[in-house]
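Okay, so here's the structure we're looking at.
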Amino acid sequence: MNVEQPDERTLELREEELIVQRQMRDVGEAHIRTRVEEVPARLEVEANAEEVEVEHVPVGQVVSQRVEPYQEGDVLVVPVYEEQLVVTKRLLLREQLRIRRVTTTQRQLFEDTLKKERVEVDDPGQTGMVHEQFTADEGGADRRHDGLVDRFRRALH
């Protein structure tokens, strides 16, 4: 007896897939340098100065002993003595010096030229691969218009 075997076949399913391979290539170079700019600057400051004011106060009083200089509030009192010859010698307080500090304020203006560095970025190969980025505290929108990227964008439009 002859038994027939069913005809079996294996079917292979295939599919394609994409594989990404990255290769680095040299597309150009960037030259970066600093440039020094001179900008005018002004500074106005107040300067305090102390002056001494001496007031002569005539006293004309006969005294028996000398007194050392002493303080009366913000005034330093310096007694000035003189000896007078009379039948008897006596000590006369002739005058006092009243010395106080007086503060004055003067406005002064200083002007000079200050140097400030700026960065310039070039793309000598004109590759378009050089991009400048600015944060808000580096000059913001005003400096972006000077950048190489913006020049390229303007040229393309």
Q: May I ask you to derive the FRET efficiency for Met129 and Glu17 from their Cβ-Cβ distance with R0 = 35 Å, giving the value to the nearest 0.05?
A: 0.70
Q) Say R0 is 41 Å: what FRET efficiency, to the nearest 0.05, do Ser64 and Arg100 get from their beta-carbon distance? A) 0.90
Q.
Using a 7 Å offset from Cα along Cα-Cβ at Leu92, what residues in the stretch 55-84 end up with backbone N under 11 Å from the label point?
A. 59-63, 82-84
Q: Mind ranking 7-18, 50-61 by how tightly packed they are, going by the mean number of other C-beta atoms within 10 angstrom, highest first?
A: 50-61, 7-18
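Give the relative contact order (percent, whole number) for the stretch 1-144; include only Cα pairs under 8 Å separated by 6+ residues.
On the way: 207 pairs, mean separation 48.0, N = 144.
Normalised by residue count, the contact order of the stretch 1-144 is 33 percent.
Between Arg107 and Glu53, 0.36 nm times their residue separation minus their Cα-Cα distance comes to what? The partial results should precede the final answer.
Values: separation 54, 0.36 × 54 = 19.44 nm, distance 2.17 nm.
Length gained, Arg107 through Glu53: 17.3 nm.
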Q) Which three lengths, in whole Å and largest first, does the stretch 47-108 cover when its Cα atoms are put on their principal axes? A) 61, 17, 12
Q: Using the heavy atoms of the protein chains and a 1.4 angstrom probe, tell me the accessible area per residue for the stretch 1-68 in square angstrom.
A: 115 Å²
Q. Once amide H atoms are built 1.01 Å from N in the peptide plane, which residues 5 or more positions from Leu93, or in another chain, come under 5 Å H to H?
A. Gln61, Val62, Val63
Q) How far apart, in nm, are two points set 7 Å out from the Cα along the Cα-to-Cβ line at Arg42 and at Glu117? A) 2.9 nm
Q. Going by average Cβ neighbours within 10 Å, how do the peptides 20-33, 74-87 rank, with the highest at the top?
A. 74-87, 20-33
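The values are calculated or read from the model by the stated rules, or taken from the named source; none is laboratory data. Keep in mind it's a predicted model, so treat the numbers as computed, not measured. When we count neighbours, we look across all protein chains shown, and the Cβ atoms used for this are built from the backbone with ideal geometry, even at glycine. Note: accessible area is taken over every heavy atom of the protein model, side chains too, but ligands, DNA and RNA are not part of it. Shrake-Rupley method; radii C 1.70, N 1.55, O 1.52, S 1.80 Å.
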